[in-house]
Amino acid sequence: MAQAGADSSTTASTGNVLTVAIPQSLNIKDNIFLVNKSPYLILQAMVALPQPDGTFEPLGTTTLLAAGERAQIASYARNGLKRLRGKTIAVKVKGAKVIAGQKRSGVVTPMDDVGAATTETSPDLINNIDPNDITYDYDVRLYEAHHDLYIEVYYKGKGGSVMDF
């Protein structure tokens, strides 16, 4: 049974890294998904587990995730994702204030979307991004569905509002 989203507070740290605690109550067991809820292209995102010595254990990464898309970034056998309940994770998102993808394709079954949607991202678009359009102004929200951890990424804008784009 899906649980309601946990609006865990995030904290921006050095290097544009957000930290967020995974609520102990989330019934996560299987996969980690990153969902782009921003209006912009995510160039790269990394999710990691901070270590006591200041390093990070990578949990998953994705690149070139268009607005509205999701990516499975990790999968755990034998309910291995449970070990992250109650832990703090680090999320870093590098985006570009560009609109990507005119051609969309996907696979939808009578039961649900199977998560195979893709957006064509032009190499010209990627190679010609103005450095002023690069942004790290994101926030995250965690929730559980079907025993999977979902990390929704929102553009928070310079003014701190998701409507500031």
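Where a number appears in this text, it was derived from the coordinates with a stated rule and is not lab data. Bear in mind the structure is a predicted one, so any value in this text is a computation, not a measurement. No Cβ is skipped: glycine too gets one built from the backbone with ideal geometry, and neighbour counts run over all protein chains shown.
Taken along the Cα-to-beta-carbon direction at a fixed 7 Å, the label points for residue 79 and residue 53 span 3.2 nm. A crude spin-label estimate for the pair residue 127 and residue 21, with each label 7 Å from Cα along the Cβ direction, gives 4.8 nm. Once you divide the Cα radius of gyration of the stretch 32-82 by 2.2 N^0.38 Å, the number left is 1.29.
Multiplying the residue separation of residue 136 and residue 63 by 0.36 nm and subtracting their alpha-carbon distance yields 24.9 nm.
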